[in-house]
2 protein chains.
Amino acid sequence: MALGDAILACLTERPMTGYELAKTFDNSIGFFWKADHQQIYRELTKLRDRGHIQGREVVQSGKPNKLVYTLTPEGRAALRHWAARPSVPASIKDDLLVRLYALDSVDIEPVRTDLMARLEHHRDRFARYERLLNKRFPDGTAPPADVGKLLGLRIGLAHERAVAEWCEEAIEALSALSSGAERSNVVPIEDGQREKSG
Amino acid sequence: MALGDAILACLTERPMTGYELAKTFDNSIGFFWKADHQQIYRELTKLRDRGHIQGREVVQSGKPNKLVYTLTPEGRAALRHWAARPSVPASIKDDLLVRLYALDSVDIEPVRTDLMARLEHHRDRFARYERLLNKRFPDGTAPPADVGKLLGLRIGLAHERAVAEWCEEAIEALSALSSGAERSNVVPIEDGQREKSG
DNA sequence: CAGGCCATGTAACTTGTTACATGATTCC
DNA sequence: GGAATCATGTAACAAGTTACATGGCCTG
């Protein structure tokens, strides 16, 4: 039940609608915990049933009405209790690493292309975190209330930098591999049915 | 459908039973993709139905019979096609970072304890990867067939090192926070129902 | 007038988690 | 005698994904 707690964590900042939460899960907290709007709406009704949040309808004209959710004292307590429990070490779960694991049974070129896209992605992320850091914490320190958020940004930065550097290394390694292969017996495979060693 | 493909990736190494696969997903490939035995058995029947793998029962005495699964040519082709598609950049999904996000609404001490456990965990992982690296690739290079696995180990190492360093930083930051708090108006909270600012 | 933003949801499906079930063998 | 290992599975539930539905407002 970590998505529910992540939502409670968001609502400690300010009351929000499902829509705003969905956007938050696409940004700040979404850097460590992804969720789309369907998941969020479903979870919100559960949290409301449990009494952890309270919905208040705001009538709007020109726009659809919205449901603003606020943490209840029970919700606050639930969040605090959850936070006091040990966390589960997150595992990596990366598609690309599975591809690399089986690199010998797979075409190298598309994996190399993929790695280049990844490099771009991680560089973008890094730049984004850097901008955020400079904007919210220009002198590199945070007021006590925001220490956790600064730490989040810092691990984001460290992670993206490490992964981007690794991508560069991996691209080089694959390039060396496929230029080496041109001189060996490996022929390009077009038809997935053909076998390299049949 | 990445678990299915991860299983196919494992089976490129050698034919295996569900039990052996489960152990592999607790080790090597499991460093980037976790799955427990229930998930694996379920996926195996699906893969068999699709004709991507073939099961062969091996009668044993003293032990329960086992079902050894082998990749079919169709399975090999499916893996190759999957690998040629772009991967989805993995997101972090870390419980602990959610806790830090809401650090201001939560008790610091258990989070700090958790961080110390994490530091241990990541140091262990780092050491484990290092041992693996020294054992499988003593001179730091790999034969062409194993380049992907070496790259996997390398990102594992980089990742664990970065996270462990960050843990140290985070522990210090939280220690500074809670020793600062002793001199302010924050009182320890035992009962989750009580509010810090009610 | 097409596309994006605001705002909420349902339905169907796939993954992932937790608990239970069986039963012999080997190691302490 | 109890725990761990080998080996396979079912059942129920929680979480995550994909697709669909509605409808006005604003911008290009």
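The values are calculated or read from the model by the stated rules, or taken from the named source; none is laboratory data. Everything quoted here is computed from the prediction, not taken from an experiment. We place every Cβ from the backbone using ideal geometry, glycine too, and count neighbours over all the protein chains shown. Surface accessibility is based on the protein's heavy atoms, side chains included, excluding ligands, DNA and RNA. Shrake-Rupley method; radii C 1.70, N 1.55, O 1.52, S 1.80 Å.
Test each condition in (1) closer than 22 Å to B:Asp95 by Cα; (2) open to solvent by less than 40 Å² (accessible area, probe 1.4 Å); (3) part of a helix (DSSP H, G or I) for A:Ser87 and report the one that comes out false.
Only one criterion in (1) closer than 22 Å to B:Asp95 by Cα; (2) open to solvent by less than 40 Å² (accessible area, probe 1.4 Å); (3) part of a helix (DSSP H, G or I) is unmet by A:Ser87, namely (3).
Is it the case, given these coordinates, that A:Thr70 is among the β-branched types (Val, Ile, Thr) and in a helix (DSSP H, G or I)?
So A:Thr70 does not fit the description; no.
Restricting attention to region B:59-67, does a residue exist that is within 14 Å of another protein chain (Cβ to nearest Cβ), open to solvent by 80 Å² or more (accessible area, probe 1.4 Å) and in a loop (DSSP other than H, G, I, E, B)?
no
What about B:Pro73, is it more than 29 Å from A:Gly30 (Cα to Cα), facing chain A (nearest Cβ under 7 Å), away from DNA strand C (no atom under 11 Å from the Cβ) and surrounded by 14 or more Cβ atoms within 10 Å (Cβ to Cβ)?
In short, yes.
Residue-by-condition table, conditions (1) in the same structural domain as A:Pro110 (by TED's automatic domain parsing); (2) farther than 25 Å from B:Gly180 by Cβ; (3) modelled with pLDDT of 95 or more:
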residue	(1), (2), (3)
A:Leu132	yes, no, no
A:Pro143	yes, no, yes
A:Leu150	yes, no, yes
A:Arg161	yes, yes, yes
A:Glu165	yes, yes, yes
A:Ala170	yes, yes, yes
A:Leu177	yes, yes, no
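Consider B:Gly4 against the criteria (1) modelled with pLDDT under 95; (2) on the phi < 0 side of the Ramachandran plot: it satisfies all of them except one. Which criterion is unmet?
Going through (1) modelled with pLDDT under 95; (2) on the phi < 0 side of the Ramachandran plot one by one, B:Gly4 breaks only (1).
Give the residues of region B:28-39 that are within 14 Å of chain A (Cβ to nearest Cβ) and either of a type in the set (S, T, N, Q) or away from DNA strand D (no atom under 12 Å from the Cβ) (or both), sorted by residue number.
B:Ser28, B:Ile29, B:Gly30, B:Phe31, B:Phe32, B:Trp33, B:Lys34, B:Ala35, B:Gln39
What about A:Pro64, is it within 15 Å of DNA strand D (Cβ to nearest atom), without any contact (Cβ under 8 Å) to a residue 12 or more places away in the chain and not assigned by TED's automatic domain parsing to the domain that holds A:Gly156?
Judged against the criteria, A:Pro64 is a match.
Determine the pairs where a residue that is facing chain A (nearest Cβ under 7 Å), located within region B:134-151, has a partner that is outside any helix (DSSP H, G or I) with Cβ atoms under 8 Å apart, the partner being 6 or more residues away or on another chain.
Note: pairs meeting the criteria are B:Gly148/A:Ala102; B:Lys149/B:Ser28; B:Lys149/B:Ala142.
Scan region B:1-20 residue by residue and report those that are more than 15 Å from the chain's Cα centre (by Cα), free of Cβ contacts under 8 Å to residues at least 40 places away in the same chain and open to solvent by less than 20 Å² (accessible area, probe 1.4 Å).
Passing the criteria: only B:Cys10.
Could you tell me which of the residues B:Arg56, B:Arg48, B:Arg42 is in a strand (DSSP E or B), open to solvent by 10 Å² or more (accessible area, probe 1.4 Å) and within 13 Å of DNA strand D (Cβ to nearest atom)?
Matching residue, one of B:Arg56, B:Arg48, B:Arg42: B:Arg56.
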